[in-house]
Amino acid sequence: RGRRVRERFERDLRDVEAATRNGRKSSVLLLEWIDPVFDGGHWVPGMIAAAGGVPLLQTLEGAKSAERSWDDVAAADPDVVVVACCGFDLARNAKDARDALKTTPRFASLRAVRDGRAFAVDGNRFFARPSPALAAGCAIVARCAHDDDEEIARAVEALEVYAEGGLGDAWARVDTSADAVRSGDPASAARERPAPAVADVEDAWAEMHASACARGEHTYVDPSTGYVVMTAVKLKARGRCCGSGCRHCPYAHECVPEDRRAATIQVPAPLHVSSSGNAKRVVALLWSGGKDSFLALRAMLRPGPGGGILGDVGPRGVVLVTTFDARTRMIAHQDVHVRDVERQAKHLDVTLIGVPLHGGGGAGSDYVARLKLAVDVIEGKLGSAVDALACGDLHLEHIRKWREDAVGKALVMKLAYPVWSDDARSNYDALREDLDASGVRCVVTAVTTEAAEAAGAKVGARYDGDLARAMKDAGVDAFGEDGEFHTLAEVWSVSRERALGLKAS
């Protein structure tokens with residue numbers, strides 16, 4: 001067990017170093033005490049260096065913390081200050097830092113404090129003791145030290161040690177206003193930077209990026225966060241993907257490790273590529289992870305006379321396309337995380353393209369534009385022509401019309417509806433029978449109406465024939481086609497062959 005802990009610790013440190021390697025090396029002063037001032041000694045200089053920063057005052061790893069004067073601190077003029085007083089948690093360090101703004105003018109006058117680059121952290125848990133938690137502390141320093149670089153900040157947030165450890169709640173920016181210190185999560189951090197009001201954040205920076213590229217500029221400033229963001233012009237000039245999950249990566253994040261793409265990608269990119277590859281011509285299936293899209297996939301793959309459109313081709317002929325909110329990584333309406341969909345694709349061994357939406361995850365111009373980029377990835381990166389876009393719609397005419405008008409025409413692409421019925425709900429019995437035949441367990445992930453919940457559609461409940469009948473008896477669409485509830489198909493509950501309706505090899 002000790003060997004495994006050490007291996008994980010060393011791997012986490014390497015991950016932090018790799019995520020920050022291409023970032024600017026800000027000078028960092030970690031304060032182990034404020035009054036009197038003590039710098040961070042022992043392992044702290046090494047942590048700062050591993051986090052892509054430059055340690056100030058105490059620069060020798062292994063040396064003890066030393067008392068300093070405020071003259072020493074002012075002369076050092078750090079880019080970043082981290083308040084990590086020994087034995088104190090985040091709340092206490094945040095309070096002490098706020099108090100120091102009033103009682104210690106030399107602290108308040110530091111350039112890092114004035115620039116909003118002073119942070120409080122949980123010093124007791126992540127910095128004070130030699131333990132595996134120091135790797136998490138290193139990630140926290142990396143996130144704070146690269147707060148002015150969106151690409152590096154996102155890369156750090158995507159690290160396993162950061163995401164799994166919930167480290168977004170382990171640090172806070174020292175608020176120089178009269179308000180309380182705000183949370184250190186990415187959304188709150190963005191709110192702390194002054195920005196002009198814009199009607200739509202996505203539209204604002206998308207327009208700025210397009211304009212910057214037209215002028216051949218390498219960067220622009222995000223109006224909502226103050227981050228300096230590299231343009232596609234700059235990234236193309238680099239000649240390769242850097243693997244950091246850049247917002248405008250022109251390489252479909254090809255150098256981001258596959259196991260990190262779900263948490264990292266900012267543009268459409270493969271989250272899984274089938275081990276069998278893909279056919280030269282494919283159908284792209286809009287995939288929410290729920291029962292309807294799952295049944296659409298089975299219908300497309302059904303072999304034999306009267307079978308599906310891919311019955312003769314098999315799974316190599318389909319590519320799943322999932323849109324999700326770029327910030328939360330959740331699929332709109334479904335309350336399903338993109339990692340669940342990634343797990344589905346890997347179990348089924350069907351290629352999956354992830355499509356992050358920056359405008360909140362809903363349908364609109366960004367949605368259609370991002371679908372176009374997803375098609376470009378399938379055709380350009382995977383080398384498969386997309387013959388049609390398939391959907392799991394069942395019978396809602398207005399949804400189908402919107403898809404035809406907004407999506408089909410914009411993409412100049414044929415749309416397919418494998419589980420559609422012009423006679424609303426007339427195919428529900430057959431669909432339920434097919435779901436039963438698959439053996440796949442489907443669970444409710446979201447409920448939007450009181451009637452559906454009263455009839456038994458509670459989050460975590462199994463969707464089966466009994467629940468479908470209860471929905472019908474309550475006057476609720478048995479498949480939740482009107483959005484009354486949503487599901488996740490746990491395809492991993494059976495073999496790949498059974499889930500897809502294939503003959504076992």
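The residue that is nearest to residue 418 (Cα to Cα), counting only those in the stretch 292-334 that are without any contact (Cβ under 8 Å) to a residue 24 or more places away in the chain and either aliphatic (A, V, I, L, M) or open to solvent by less than 40 Å² (accessible area, probe 1.4 Å) (or both), is 307.
In the stretch 158-170, which residue that is touching a helix residue (DSSP H, G or I) at 6+ places or on another chain (Cβ under 9 Å) and either assigned to a loop (DSSP other than H, G, I, E, B) or more than 11 Å from residue 139 (Cα to Cα) (or both) is modelled with the lowest pLDDT? Among them, the one singled out is 165.
Scanning the stretch 430-450 for residues that are under 19 Å from residue 394 (Cβ atoms), at pLDDT 95 or above and open to solvent by 30 Å² or more (accessible area, probe 1.4 Å) returns 430, 432, 433, 436, 437.
I want to confirm something. Restricting to the stretch 378-407 and keeping residues that are of a type outside the set (Gly, Ala, Ser) and within 25 Å of the chain's Cα centre (by Cα), which single residue is nearest to residue 287 (Cα to Cα)?
Once the filter is applied, the top-ranked residue is 391.
Tally time: how many residues in the stretch 243-259 are surrounded by fewer than 19 Cβ atoms within 10 Å (Cβ to Cβ) and either in contact with a Lys or Arg (Cβ under 8 Å, 6 or more places away or on another chain) or hydrophobic (A, V, I, L, M, F, W, C) (or both)?
Let us first name the residues in the stretch 243-259 that are surrounded by fewer than 19 Cβ atoms within 10 Å (Cβ to Cβ), namely 250, 254-255, 257-259.
Cutting the leftovers down to either in contact with a Lys or Arg (Cβ under 8 Å, 6 or more places away or on another chain) or hydrophobic (A, V, I, L, M, F, W, C) (or both) gives us 250, 254-255.
Here the count works out to 3.
Candidates in the stretch 74-89 are the residues that are open to solvent by 40 Å² or more (accessible area, probe 1.4 Å) and of a type in the set (Asp, Glu); of these, the one that is modelled with the highest pLDDT is 77. Total residues in the stretch 303-316 satisfying the condition of being at pLDDT 95 or above and either under 19 Å from residue 428 (Cβ atoms) or of a type in the set (Ser, Thr, Tyr) (or both): the figure is 0. Of all residues in the stretch 16-36, those being surrounded by fewer than 23 Cβ atoms within 10 Å (Cβ to Cβ) and either more than 35 Å from the chain's Cα centre (by Cα) or in a helix (DSSP H, G or I) (or both) number 6.
Of the residues examined, residue 445 is one that is out of contact with any Cys (no Cβ under 8 Å at 6 or more places or on another chain), hydroxyl-bearing (Ser, Thr, Tyr) and either part of a loop (DSSP other than H, G, I, E, B) or closer than 27 Å to residue 371 by Cα (or both). Inclusion of residue 344 among residues that are among the polar types (S, T, N, Q) and open to solvent by less than 10 Å² (accessible area, probe 1.4 Å) is warranted. In the stretch 113-123, the qualifying residues are those that are under 29 Å from the mean Cα position of the chain (by Cα) and surrounded by fewer than 24 Cβ atoms within 10 Å (Cβ to Cβ), and the one that is nearest to residue 28 (Cα to Cα) is 117.
Restricting to the stretch 464-477, give me the number of residues that are closer than 23 Å to residue 344 by Cβ and over 32 Å from the mean Cα position of the chain (by Cα).
Summing the residues that are closer than 23 Å to residue 344 by Cβ and over 32 Å from the mean Cα position of the chain (by Cα) in the stretch 464-477 gives 3.
Residue count for the stretch 270-291 satisfying the condition of being open to solvent by less than 50 Å² (accessible area, probe 1.4 Å), in contact with a strand residue (DSSP E or B) (Cβ under 8 Å, 6 or more places away or on another chain), part of a loop (DSSP other than H, G, I, E, B) and over 22 Å from residue 430 (Cα atoms): 1. Residues being at positive phi, out of contact with any helix residue (DSSP H, G or I) (no Cβ under 8 Å at 6 or more places or on another chain) and open to solvent by 60 Å² or more (accessible area, probe 1.4 Å) are represented in the stretch 404-414 by at least one member. Comparison of 237, 206, 210, 262 shows that the only residue that is modelled with pLDDT of 90 or more and either in contact with a Lys or Arg (Cβ under 6 Å, 6 or more places away or on another chain) or surrounded by fewer than 19 Cβ atoms within 10 Å (Cβ to Cβ) (or both) is 237. Taking residue 499 as the residue in question, decide whether it is open to solvent by less than 20 Å² (accessible area, probe 1.4 Å) and within 26 Å of the chain's Cα centre (by Cα). Judged against the criteria, residue 499 is not a match. Taking the stretch 479-494 as the range and being assigned to a loop (DSSP other than H, G, I, E, B) and out of contact with any strand residue (DSSP E or B) (no Cβ under 8 Å at 6 or more places or on another chain) as the test, the residues that pass are 479, 481, 482, 483, 494.
Of all residues in the stretch 367-416, exactly one satisfies the criterion of being of a type in the set (Phe, Trp, Tyr) and free of Cβ contacts under 8 Å to residues at least 40 places away in the same chain, namely 402.
The values are calculated or read from the model by the stated rules, or taken from the named source; none is laboratory data. As the structure is a prediction and not an experimental result, all values here were calculated from the model. Note that we place each Cβ from the backbone using ideal geometry, even for glycine, and neighbour counts take in every protein chain shown. Note: areas computed on protein heavy atoms with side chains; ligands, DNA, RNA excluded. Shrake-Rupley method; radii C 1.70, N 1.55, O 1.52, S 1.80 Å.
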